[in-house]
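To start, the structure itself, in structure tokens.
The values are calculated or read from the model by the stated rules, or taken from the named source; none is laboratory data. Predicted model only: the values in this text are computed from it and were never measured. Note that each Cβ is placed from the backbone with ideal geometry, even for glycine, and that neighbours are counted across all protein chains shown.
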Amino acid sequence: MPISGPIAAAITPSRKDKFQINHAAALEVVDFLCARGVAGIALFGATGEFQHFLVEDRMKLTHMAAKRSRVPLIVNITHTNITDVVTLAQHAAGVGAAAIMLQPPYYFRYGGDEIRQFYLTVLEELEGEVPLLLYHIPVFNNGIPGEVSTDLLLNGPAAGIKDSSGNTPYFQMLAEARRQKEFSLILGNDNLTRIGLDHGADAIISGCACAVPELSVALWNAHKQGNTEEFDRLEALMNEFISHIEAFPGPYGVREAVDTRGVAVGARAIPYSPNTEAKAAEFREWFTSWYPYR
């Protein structure tokens, strides 16, 4: 896969009056991220709240973003059923996505055998049209058992994996498997940046990079340059940011930061409680004075 470096997991802005994709604002997010040096953009991951949106709206934004973006685009095609997964995959391939990523089907619990067969069926349908990344994020969904992910990576046609588990042994297992066969190893959890890079991650798909892309790029560059002192300083800043956004559900801390930086994010899927609303006001004030990049 021709992508390496810090990749921003984009939020999906919504309209002001209701939670529906605001395509114009979403393209502003694409422009914002491209201008700040990220190596790629990932659409409709967990940070992008894909589960809320219609297939048709996801395809429309994918098409628009692929035309607009100046960096490679990765598109999450996860859905609850295989028909819509294949539809989203073929569309992403057709508009020029650099890769797609796919979680196991969500909501119902599936065992390892069903998860393996699900991926094999999708890969067979695609016939190599676009590289497919396994997407492991068990905090929100069925995880991919280690024996299934390594089998699909070593013996099947999967191009790589985005590991968002935050589970160090799982990532280390993947790094060890890659000694046997080359595949794209992508970190998807900002809390493991140091561990991931030390174990040779090709890229990091980062929700934080949507809000603080300059920090993510600088952190990546410091590691690649072997500048340990600068990496330690930047990692402390990133950890401070993470500690503040963890006060919010899901990606809403990232959305607050993006909105504070001047890109309107619109309505929320779920309204804040009064307590969370107060936290959001405090966060915005803190972030405005804290963020060292402008």
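Numbers for the structure displayed
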{"read-out": "Residue in the stretch 199-213 that is part of a helix (DSSP H, G or I) and either farther than 15 Å from A10 by Cα or among the polar types (S, T, N, Q) (or both) present", "value": "no"}
{"read-out": "Within the stretch 216-294, helices (runs of 4 or more DSSP H) holding 3 or more residues that are free of Cβ contacts under 8 Å to residues at least 24 places away in the same chain and either within 24 Å of the chain's Cα centre (by Cα) or surrounded by 14 or more Cβ atoms within 10 Å (Cβ to Cβ) (or both)", "value": "228-245"}
{"read-out": "Residue match in the stretch 178-198 (condition: acidic (D, E), assigned to a helix (DSSP H, G or I) and under 21 Å from the mean Cα position of the chain (by Cα))", "value": "yes"}
{"read-out": "Flag for T47 being closer than 23 Å to F19 by Cα, in contact with a helix residue (DSSP H, G or I) (Cβ under 8 Å, 6 or more places away or on another chain) and not in a helix (DSSP H, G or I)", "value": "yes"}
{"read-out": "Count of the stretch 93-143 residues which are part of a helix (DSSP H, G or I) and in contact with an Asp or Glu (Cβ under 9 Å, 6 or more places away or on another chain)", "value": "4"}
{"read-out": "Filter pass, I74 being under 18 Å from G207 (Cβ atoms), among the β-branched types (V, I, T) and modelled with pLDDT of 95 or more", "value": "yes"}
{"read-out": "Matching residues in the stretch 4-33 - criterion: being farther than 17 Å from C208 by Cβ and part of a helix (DSSP H, G or I)", "value": "H23, A24, A25, A26, L27, E28, V30, D31"}
{"read-out": "Failed criterion for A89 (all others in (1) over 16 Å from G160 (Cα atoms); (2) part of a helix (DSSP H, G or I); (3) touching a strand residue (DSSP E or B) at 6+ places or on another chain (Cβ under 6 Å); (4) not charged (D, E, K, R) hold)", "value": "(1)"}
{"read-out": "Search result, residues across the stretch 42-77 that are basic (K, R) and closer than 18 Å to R15 by Cβ", "value": "R58, K60"}
{"read-out": "Close pairs from the stretch 185-214: first touching a residue at least 24 places away in the same chain (Cβ under 8 Å), partner in a helix (DSSP H, G or I) and of a type in the set (S, T, Y), Cβ under 6 Å, at least 6 apart", "value": "I195/T168; S206/S216; A209/S216"}
